[in-house]
Ligand code: GUN
């Protein structure tokens, strides 16, 4: 058996298209563009790439992008003052502070400063709490993107056994909350889990978010299961042409057993920015007091 390939790139393109249509409608109704501010502190190479792509995607969706690049030695108080300015700016609907921050800035404190109704990353404890109790808020982009791919493939998830490997605040924990809300039976596995292979073998849905290259083996997968691979790991050394990206799942091995699987690259990766744009658009509609139909995007 060869698993169906879940194409996140195509799904993300569709989502970005729908966001673009609703962004144009927002502009027509309010006379301004939905606005997303992205704050980058320091020179981290990967963060610079992410921030550039987020800015480009924002403009392509017909929204206004506000980019704030600050030097690595920016005092924490100045960063917090910038976030407060963005909170008060009515043209800014969403605020994203790119992580990681330099060591002298307390990430928790900076995130706590963001107005939860502009927190399009869904990292503020208010939004984590809203997700936990089932209130409308913002959900972190990567797990929400994973859920969209699962719903698109499987429809109703009710009663399915799901295993989430990884317990980070950004992916594992919110992913588990989302799956509970879909009436899955959810197990959260992590580095201390005993008999991980046996735990994974029970799952109809496997979401791997551990950051360890090809850790989940093909013979761990229940036949026909749906596998979502969040990992993006660079392997093969630093020589140009030698590095390649692999996920947390042994793709070839798992493809022989699973019903469907996301590739790396081209699976979950493209979903993250598309969902960020979606969250920013939802923020704009909410902040302007305009109803957006529940499942419009
Ligand atoms: N760093 C890596 N991924 C993310 C993300 O999704 N949001 C933010 N703010 N920083 C990140």
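What follows draws every value from the coordinates through simple rules; no lab data is involved. Fair warning: this is a prediction, and the values are worked out from it, not measured in the lab.
Tilt of helix 76-88 relative to the longest C-alpha principal axis of the chain, in degrees (0 to 90, nearest 10)?
The answer is roughly 80 degrees.
Give me the angle, in degrees from 0 to 90, between the Cα long axis of helix 8-30 and the longest principal axis of the Cα atoms of the chain, rounded to the nearest 10.
Here the helix axis deviates by roughly 20 degrees.
With angles folded into 0 to 90 degrees, how steeply does helix 45-60 sit against the dominant principal axis of the chain? Use alpha carbons for both and round to 10.
It works out to around 70 degrees.
What is the antiparallel percent of DSSP beta bridges lying wholly in the chain, to the nearest 5?
10 percent
Given an 8 Å cut-off on Cα distances and at least 6 residues of separation, report the relative contact order of the chain as a percent.
In percent, rounded to a whole number, it is 22.
Distances over 37 Å make up what percent of all Cα-Cα pairs in the chain?
15 percent
So for region 1-109, what percent of the C-alpha to C-alpha distances run longer than 24 Å?
In whole percent, the long-distance tail amounts to 38.
Whole angstrom only: what separates the Cα centroid of region 240-297 from the Cα centroid of region 110-144?
Between the Cα centre of region 240-297 and that of region 110-144, the gap is 18 Å.
Using the Cα gyration tensor of region 88-198, with a ≥ b ≥ c the square roots of its eigenvalues, what is the shape: rounded (a/c below 1.5), prolate (a/b larger than b/c) or oblate (neither)?
oblate
Could you tell me how far the Cα centroid of region 57-108 sits from the Cα centroid of region 1-37, in Å?
22 Å
Can you give me the relative contact order of region 20-143 as a percent, contacts being Cα pairs under 8 Å and 6 or more apart?
23 percent
From the square roots a ≥ b ≥ c of the eigenvalues of the alpha-carbon gyration tensor of region 257-296, which class results: rounded (a/c under 1.5), prolate (a/b over b/c), or oblate?
The shape class here is oblate.
Can you classify region 45-85 as rounded, prolate or oblate using the Cα gyration tensor, where a ≥ b ≥ c are the square roots of its eigenvalues, rounded means a/c under 1.5, and otherwise it's prolate if a/b beats b/c and oblate if not?
Oblate, since a/c reaches 1.5 and b/c is not below a/b.
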